[in-house]
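The values are calculated or read from the model by the stated rules, or taken from the named source; none is laboratory data. Because the structure is predicted, anything quoted here is derived from the model rather than measured. Backbone-built Cβ (ideal geometry, glycine too); neighbour counts: all protein chains shown.
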Amino acid sequence: QYEKKWWQQAVVYQIYPRSFQDSNGDGIGDIPGIIERLPYLEKLGIDAIWLSPVCKSPQDDNGYDISDYQDIDPMFGTLADMEELIRKAKDHGIRIIMDLVLNHTSDEHPWFLEAKKSKDNPYHDYYVWEDGVEGELPNEMKAGFGGPAWEWVPELGQYYFHQFSVKQPDLNWENPKVRREIYDMILWWMEKGVGGFRLDVIDQIAKEPDLEITANGPMLHAFIREMSRETFQKGDLITVGEAWGADVERAKLYSHPNGSEFSMVFQFEHIGLDQQEGKEKWDLAPLPLVKLKKVLAKWQTELHGKGWNSLFWNNHDLPRIVSRWGNDGKYRAESAKMLAVLLHGMQGTPYIYQGEELGMTNVQFEDISHYRDIETLNMYKERLEKGYEKEDIMASIYARSRDNARTPMQWDDTPNAGFTSGTPWIEVNPNYTRINAGKELEDPESVFSFYQKLIRLRKEHPVFVEGEFHLLLPEDPQIFAYTRRLGDTEMLVCANFSDQPATCPLWKEWKDGRVLIHNYPGEYEEELKPYEAVMILL
Ligand code: TEU
Ligand code: CA
């Protein structure tokens, strides 16, 4: 048996720094802004902050294009600010998890500037190149944000490979010098006292463009184990690998309890269920609840004792869950709480994305000019050219744009939601007068108070961390219910995942249990109200 780890009990809160809190009126959130809000986070009860990238960057992809891994972008503050954040967060019982973007750098990183100079430059082999002729692409591979994955460099007569934007050239992990530079950089951050790392698109580092392989390349786990041995294993860190391409078997490697790779895996199988099969995320389909239950249950049972899940509905790339799978109109608070109960009751480490704890919703800007995300803007252009109707494109954007998650944090009902005294880099969701932290903090029945209570319960009851998961009523089209069992303790999580009442066949057996949390006032009855959810201990 493996020993228990602190991060198995932890709750992580993700901060997207440019949208969290601006401290100097330039309209962009920054590190001093985060420091100001630490008491808020301590009140919520979280243990760690996953901080989206704050390193030096031209901001082509909002910091996921790094030009200096060992400095802070002036937009966010200074290295001294970062050190202060690490120190002050610690005083509040919070660790800082940094976002490591290791698949690619910015094209303005000094390594790439050198690499472009000539084929025999010592840095040339830090990136992935293909000889060729202009206009004849090496192959058909496409980039994540549209267009081909190859970019021509006339001076060299070569193409470079990029899985994301043209400004994000892929690093060549086959080169041991690249790996050594990365490990030294990680060790340098560890020295500074960071509490862990989130590894961006880590499943794509071992690419083999000749074979058209991007995710899950043959060398992937060898590279990760070497990195883990050389760096993470020298500290007591939480490490989480982002892996869109992970299946259960791979997840067991990523998150093996022997610690040879990462603490846990952040995989997305449940997230892709409401899109048309074989199409893009913009091609919407209704969520099949029965399927969602099966997928989540599979991850719960398969990783039990053999790996560790990250539990999440949201991040900076995903639309707001209350708008997506809940109801952001009449039942906003009820459905936000229902989704929280379901997630926090499962085994794994829960992640809360900034504003989720307030029940923040998607946004609908009238015109494309209000949008900022490179993925959204490229898609808009591409689909217009392909002849899609503007209205249909906007409908996809309203449902799926990454900017839904990136509007500023809604702190209070003063102008710009208390986010900035200047002009925000992206507009605030106009519903901030109704939905904001100020209001939520005053109300013991708010979504915020509910999250606070869920976090507290996790610390009080070991069944949350260790209990075995069993899905109940798998074919029920409305109810999502499961139990967790640890020794003599049994906990039921039961939720009506719909806006219609639902009769609950579990009620008779469970009605005398002790209610831990419930999202409606009054007793839990046989007929569940819309989005009603309850957690019961036997
Ligand atoms: O995202 C990984 C990734 O594959 C995304 O492109 C994802 O497919 C897309 O956001 C879905 O809409 C990570 C980061 O989380 C993302 O913000 C970065 O843009 C991306 O890597 C490149 O670094
Ligand atoms: Ca600022």
*asked:* Every residue in region 236-261 that is hydrophobic (A, V, I, L, M, F, W, C) and either within 16 Å of His304 (Cα to Cα) or in the same structural domain as Ser396 (by TED's automatic domain parsing) (or both), please.
replied: Val248, Ala251, Leu253
*Of residues in region 6-46 being among the polar types (S, T, N, Q) and in a loop (DSSP other than H, G, I, E, B), the one surrounded by the fewest Cβ atoms within 10 Å (Cβ to Cβ)*: Asn24
*How many residues, within region 184-240, are among the acidic types (Asp, Glu), closer than 18 Å to Val12 by Cβ and surrounded by fewer than 15 Cβ atoms within 10 Å (Cβ to Cβ)?*
1
_Asp170 - would you say it is in contact (Cβ under 8 Å) with a residue 24 or more places away in the chain, crowded, with 21+ Cβ neighbours inside 10 Å and of a type in the set (D, E, K, R)?_
yes
*Of everything in region 256-287 that's within 23 Å of Met98 (Cβ to Cβ) and in contact with a helix residue (DSSP H, G or I) (Cβ under 7 Å, 6 or more places away or on another chain), which residue is surrounded by the most Cβ atoms within 10 Å (Cβ to Cβ)?*
Phe262
*Which residues, counting only those in region 395-418, are charged (D, E, K, R) and touching a residue at least 60 places away in the same chain (Cβ under 8 Å)?*
Arg400, Arg402, Arg406
_Test set (1) within 15 Å of ligand 1 (Cβ to nearest atom); (2) in a loop (DSSP other than H, G, I, E, B) - Met75 fails condition number_ = (1)
*Go through region 453-492 residue by residue and tally those that are closer than 17 Å to Leu296 by Cβ and of a type in the set (Val, Ile, Thr).*
2
*In region 51-108, which residues are under 16 Å from the mean Cα position of the chain (by Cα) and more than 16 Å from ligand 2 (Cβ to nearest atom)?*
Asp61, Tyr64, Ile96, Ile97, Met98, Asp99, Leu100, Val101
*asked:* Go through region 352-376 and report how many residues are more than 18 Å from the chain's Cα centre (by Cα), of a type in the set (A, V, I, L, M) and farther than 18 Å from Asp317 by Cβ.
replied: 1
*Output the residues belonging to region 238-279 that are among the acidic types (Asp, Glu) and free of Cβ contacts under 8 Å to residues at least 40 places away in the same chain.*
Asp247, Glu249, Glu269, Glu277
*Of the numbered conditions (1) over 30 Å from Pro39 (Cα atoms); (2) out of contact with any strand residue (DSSP E or B) (no Cβ under 6 Å at 6 or more places or on another chain), Ala399 fails exactly one; give the number of that condition.*
(2)
_Of everything in region 429-471, what is farther than 18 Å from Asn309 by Cβ, among the basic types (Lys, Arg) and either crowded, with 18+ Cβ neighbours inside 10 Å or touching a residue at least 40 places away in the same chain (Cβ under 8 Å) (or both)? Give them in sequence order._
Lys453, Arg456, Lys459
*So which helices (runs of 4 or more DSSP H) stay within region 396-482 end to end and still have 3 or more residues that are of a type in the set (Lys, Arg)?*
447-460
*In region 1-60, which residues are basic (Lys, Arg) and either more than 22 Å from Leu358 (Cα to Cα) or within 16 Å of ligand 1 (Cβ to nearest atom) (or both)?*
Lys4, Lys5, Arg18, Lys56
*Since Asp99 meets every condition but one in (1) in a strand (DSSP E or B); (2) out of contact with any Asp or Glu (no Cβ under 8 Å at 6 or more places or on another chain); (3) touching a residue at least 60 places away in the same chain (Cβ under 8 Å), which condition does it not meet?*
(2)
_Tabulated pairs, region 143-160, first under 18 Å from Ile374 (Cα atoms), second among the basic types (Lys, Arg) and surrounded by fewer than 18 Cβ atoms within 10 Å (Cβ to Cβ), C-beta under 8 angstrom, 6+ apart or interchain_ = Gly146/Lys381; Pro148/Lys142; Ala149/Lys142
